[in-house]
1. Kindly establish whether B:Leu374 is part of a helix (DSSP H, G or I), surrounded by fewer than 21 Cβ atoms within 10 Å (Cβ to Cβ) and either out of contact with any Pro (no Cβ under 9 Å at 6 or more places or on another chain) or at pLDDT below 80 (or both).
2. I need the full set of residues from the stretch C:156-169 which are more than 13 Å from ligand 2 (Cβ to nearest atom) and facing chain A (nearest Cβ under 9 Å), in order please.
3. Starting from residues that are part of a loop (DSSP other than H, G, I, E, B) and in contact with a strand residue (DSSP E or B) (Cβ under 6 Å, 6 or more places away or on another chain), keep the ones in the stretch B:69-105 and report whichever is farthest from B:Ile213 (Cα to Cα).
4. How many of the residues in the stretch C:170-199 are at pLDDT 85 or above, surrounded by fewer than 22 Cβ atoms within 10 Å (Cβ to Cβ) and within 16 Å of ligand 2 (Cβ to nearest atom)?
5. Which residues, taken from the stretch C:46-57, are surrounded by fewer than 22 Cβ atoms within 10 Å (Cβ to Cβ) and within 11 Å of ligand 1 (Cβ to nearest atom)?
6. Filter the stretch A:151-171 for residues that are within 37 Å of the chain's Cα centre (by Cα), closer than 16 Å to A:Phe216 by Cβ and touching a residue at least 40 places away in the same chain (Cβ under 8 Å) and give the result.
7. Name, by its number, the condition in (1) more than 16 Å from ligand 1 (Cβ to nearest atom); (2) surrounded by 15 or more Cβ atoms within 10 Å (Cβ to Cβ); (3) closer than 30 Å to A:Arg313 by Cβ that does not hold for A:Leu387.
8. Give the residue, chosen from B:Leu299, B:Leu293, that is at pLDDT 90 or above, under 22 Å from the mean Cα position of the chain (by Cα) and either under 15 Å from B:Leu131 (Cβ atoms) or among the small types (Gly, Ala, Ser) (or both).
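The values are calculated or read from the model by the stated rules, or taken from the named source; none is laboratory data. Bear in mind that the values here come from a model prediction, so they are computed numbers and not experimental data. Heads up, the Cβs are rebuilt from the backbone with ideal geometry, glycines too, and the neighbour counts pull from every protein chain shown.
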Amino acid sequence: MEIGPIWRAMKRRKARFILVAAEVALTLAIVTNAVGLILDAQQEMNRPSGFVDEHLIRVDINNYGQAFEDEEYVRTVVDADTEALRNLPGVLAASHTHFVPWRGGGSSGELQINGGGPKKYRTQTYSADPGIFETLGVEILEGRALDATDFTADPEGDQFNVAVSRDLAALMFPEEDALGKSFFFSDPETSFVIVGIFGDFFNPYGWPIGEYAVFFPTRSADSSGHRFLVRAEPGQLDEVFGSIEGALTAIDSERAFALRTVTDIKTGYHSGSQVMVKNLNLLMIVLLVVTALGIIGLTSFSVTERRRQIGTRRALGATKADIVRYFLIENWLVTTFGVVVGILLAAALNSLLLTVVAGATLAWEILVGGVALLWLLGLGATLGPALRAARVPPALATQNV
Amino acid sequence: MLRYNVWLAWKSVRRTSKLSALIILGIALGVGISTAAIGLYRFFSGDPIPHKSDVLYSVRIDSWDPEARAPHTGGIPTQLTYRDTQAMLASDIPSHRAAMFKSDLYIFPQEADQRPFLETVRVTSSDFFTLFDVPFAYGGPWNRQADAQVEAVAVIDQELNDRLFGGGDSVGKTFRIVQQEFRVIGVIDTWRPKVKYYDMTQSPFMPLEHVFIPFSHLEPMELRTSGNSDGWQSNPTEGTFGDQLQISETCFIQMWVQLDDKETLASFQSFVDAYTNEQRKLGRLERPNDNRLTTVVDLMKEWEAVPEQASAMAALAILFLVVCSLNLIGLFLGKFLARAPIVGIRRALGASRRSIFIQHIVESELIGLLGGTLGLGLAALQLRWMESQLQRQVGIDGFFDLDGQIVLVALMLSLISGLVAGIYPAWRICRIAPAQHLKMQ
Amino acid sequence: MLKMKGVSKIYRTELLETQALRNFSLHVKAGEFIAVMGPSGSGKSTFLNVTGLLDSFNEGTYELDGVDVSRLNDNEMSRIRNEKIGFIFQSFNLIPDLDVADNVDVPLRYRRLPARDRKQRIEWALETVGLSGRRHHLPSQLSGGQQQRVAIARVLAGDPCIILADEPTGNLDSAMSHEIMGLLEEVHERGTTVIMVTHSTECAARANRQLHIFDGRLVDVERVVPMPLNQLSDAAVSQAG
Ligand SMILES: Nc1ncnc2c1ncn2[C@@H]1O[C@H](COP(=O)(O)OP(=O)(O)OP(=O)(O)O)[C@@H](O)[C@H]1O
Ligand SMILES: [Mg+2]
């Protein structure tokens, strides 16, 4: 059975076929764009920080005891806490820092290169003790890690050693080696010398500076409290999580502790995207079901309406397979028409969405996949009614209704 | 006649129960999913204080680095410095004005056995409560005198009231914040704007604070913000906390004023501009004047308070509803045309085209309403499901509850899709010639 | 050509069993023109359905053109219907969405003939029934008689060895009937076997053998009929064309 007469017959019942084609077109547009959004969100969610997120615990310590008014006491407590945390069974490393991964923010500043003109570079800035790299599981790529001598440098001094992330180094010194170079923040008198370059580093921020970071070897503790990042040995996270509070309370009990795993923080950070992904998945599934039901409904209706015609065709020599083929070809033509329009619609919808959501571009692979999916969906939905059509007895042709 | 039509429609729905159920399910799914998405969008984008959003203005001053534009969305800092805030608070032009920031502070309950706990405190002016129409269960806000004299008074919400005092009228009772003893002056009744519009600097959906204390405590208590603070200069380190505050260029304070008409708006704008011109002469605020008074709704737009995902989902969901309507047109077409012989008889018996048309539109609207009601249930379920996933972000129970407007939206959607889907099939069927189907097939 | 022996057909519904054909035995030679007559509900259509492989039968043997039909599967039956049998129905059974040429084309498509061949056959068949000028009309744009002529063209194009017609003139007035009968006779003259159910004795008189069915039983009335008036049918054709 060729396409010609099927096509000519369809032209005489345009309304219903246009309906199905429009439905297919819109479905293709919606599904491909939804998949685009989902893939983008998933890529965003799967983006690695460069840290061993799954082994990390954030420990916030908030002091209320009077004793913390004394700066010297704060210093001793921080040292004692550091020692206690590092010695806890199951702990691989711990660092006194105010950096928290996956919080969706942090602290940042604008730096200028010494002797590099007025150009300013915005970067995330964090204080940390030398344990930070081992704690995060970040590699030193060039130079050296910060060490105890950097950490204990005179806070009144005018030069400090710092480590910067690889991307920040490349941004500041695209041509040269960043090691040994120095920069300053607003005050040209205080300069910071790059002694180490680390990577990978990614921490999402309100501004596009997720890959740029400077770690200063300084304390961030004051009378109100301080923070640690603790890295547990593989499989020891829960145990470590349970034992931290006891160990720290033993040092000073006049403070409150807030513990959260970095995995938990990360989940929270991504929960908006997560909800969107789930909702879009739901929408897509329901949409495909609705479209399939629509095709089944209209094809069934067509079959019922054309029973006599089918009987006649059978009487004139059509086999059951011929009848099934007829409906499949008819549907395939409609779907094909729909997907052609749908591709244009998908592109239009995409450019509309791009004004709202950044970066949700439509890859051609998704379109190809969508077209294939709708072809299959169309054929699948038609098969049932088509098989029912094939069961119409040829004797129906002779019945006078 | 309408009753007869509704009766005919109901009979037809019952007779073709399988197909009708399919159609109703189709409408329900379409209306459900799009209502949920539109509802979500509206939760995020709706005017949180519609009766006075046109007179509430946030105050912003471009106090950023003379050499560089501020990196914030609007191109100017989102918040004010302490000294600029002081100048703004001094103006009598606005009928109400409030400066504010939040600070994480320890609260010490009076009961000795209760451990102190960390609480986010909003440090603000007395006008906060009148500006934002905060309802009180007991007592009321402090007055401007309390602001000026740094009185140790606090407004708390029901939740903290329960926690500290076991609920009830706690006006006059005391509790300690850090070192300072505070007296409860008012207890807030249930108050939960969907968007935390008075402070969107971190996220428009942060939980509201449970304690409010006068702004003037900032200096003596040496309070620090736990919200965003943006600076382009290192903080001063010399001198007392107060001295540092007076010269700091760090922006951390949100400022709101109520300007009741166009004239007040204009005169306050010129007041702010005059202030910045003045400061420029003194060697500060070297950037050209870019001082902005922005309404709640405009600020939400500027800061893109609606998560981009919510907008994208709303757009897709509306298209989804279109697909469902197309689908319904097909199903109605099938349902109605299957009945063509009967309609032929009706026409032969004298039914007019109009009455046949109306009969079928009534039927599709009836089905639309049934589907819409079911869809509303589905939407409620879906929103509940989203809420359970966003608990941490939203932090408010019942954030996604259906309200009257959403119910209205859903019913409108179902009536519209019933109508859109019914019109063409009803038109087709009413054009059936009276005898056409009596003769053959 | 056609041999039936002891064929019975029983319709079963929930309520009752109808014995539509009882112990039917019949021998039809190639080139016969048979009229089948009988009261309403006697089983004429059933007989035609069984003969045309549109319906199965319960007992007996049936041999068509040397093939034992009861052994065939659905596909083989379809092929025989397509190649050896031509149907003409009382209500024409044209496909409403297809124009005249496409309607005539239907059985040829199922025979999977090459396009050139199909085109020639359609031309010739439409010419024979005098409807070449209406090639692109839809069935709904034709009169009843014209529609039946299209149905005959559909049969002619397929060049079957046996034509089964169930009251082909039942929906037509007498002038039209005359025309259709003329066409059938023309086909018959070219050697095609024709079996035609009819209520009209006038039509039946033009056949060369009559079968009568009463309550599912066959009464064979053999009678030689003088050849029909060729002039009349020719005139009708030229008139219609
Ligand atoms: N599909 C069927 N199911 C059940 N009974 C049937 C069926 N088709 C025909 N019959 C019954 O079989 C008997 C013979 O019917 P048939 O259609 O062969 O009669 P007919 O001689 O062609 O009558 P008419 O002249 O009215 O067309 C009738 O009693 C009829 O009710
Ligand atoms: Mg009959």
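1. On the way: part of a helix (DSSP H, G or I): yes; surrounded by fewer than 21 Cβ atoms within 10 Å (Cβ to Cβ): yes; either out of contact with any Pro (no Cβ under 9 Å at 6 or more places or on another chain) or at pLDDT below 80 (or both): yes.
Here the answer is yes, as B:Leu374 does meet what is asked.
2. Of everything in the stretch C:156-169, just one residue is more than 13 Å from ligand 2 (Cβ to nearest atom) and facing chain A (nearest Cβ under 9 Å), namely C:Gly158.
3. B:Ile76
4. 1
5. So the first thing to find is which residues in the stretch C:46-57 are surrounded by fewer than 22 Cβ atoms within 10 Å (Cβ to Cβ), and the list is C:55-56.
Correct list: C:Asp55 only.
6. Answer for the stretch A:151-171, where residues must be within 37 Å of the chain's Cα centre (by Cα), closer than 16 Å to A:Phe216 by Cβ and touching a residue at least 40 places away in the same chain (Cβ under 8 Å): A:Phe151, A:Phe160, A:Asn161, A:Val162, A:Ala163, A:Val164, A:Ser165, A:Leu168.
7. Unmet condition: (2).
8. None of the others qualify; the one that does is B:Leu293.
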